[in-house]
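The values are calculated or read from the model by the stated rules, or taken from the named source; none is laboratory data. Fair warning: this is a prediction, and the values are worked out from it, not measured in the lab. Every residue, glycine among them, receives a Cβ derived from its backbone with ideal geometry; neighbour counts consider all protein chains shown.
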Amino acid sequence: MSEATLVRLERGDRSIKRGELLVIAEACGVPMWFLEHGWQGWSKEVSPEELRQIADELPPPPAE
């Protein structure tokens, strides 16, 4: 994620995609449900469709 994208997210110029949120969660070492729902998120179920949506929104792997 570029610095410019992060600034747009912080300003509220655009919403974050779930795939981007997953990357941030992994980088911070926290589960994605925590970033989405806080402490109440552990009890929320994720449907297979939601999992497919997350997978579709993941950014491409970095070029080697």
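List every residue pair whose Cβ atoms lie under 7 Å apart, where the two residues are 6 or more positions apart in sequence or sit on different chains, the first residue falls within the stretch 36-47 and is within 21 Å of VAL23 (Cβ to Cβ) and polar (S, T, N, Q), and the second residue, located anywhere, is modelled with pLDDT of 75 or more and part of a loop (DSSP other than H, G, I, E, B).
That search, which allows pairs on different chains as well, returns nothing.
Conditions (1) assigned to a helix (DSSP H, G or I); (2) small (Gly, Ala, Ser), marked per residue:
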site	(1), (2)
MET1	no, no
GLU10	yes, no
VAL30	no, no
HIS37	yes, no
ALA63	no, yes
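Condition first: part of a helix (DSSP H, G or I) and either in contact with a Ser or Thr (Cβ under 8 Å, 6 or more places away or on another chain) or surrounded by 10 or more Cβ atoms within 10 Å (Cβ to Cβ) (or both). Now tell me which residues in the stretch 41-56 satisfy that.
Matches in the stretch 41-56: GLY41, TRP42, GLU50, LEU51, ARG52, GLN53, ILE54, ALA55, ASP56.
Only one of (1) assigned to a helix (DSSP H, G or I); (2) surrounded by 10 or more Cβ atoms within 10 Å (Cβ to Cβ); (3) modelled with pLDDT under 85 is not met by ILE24, so which one is it?
The failed condition is (3).
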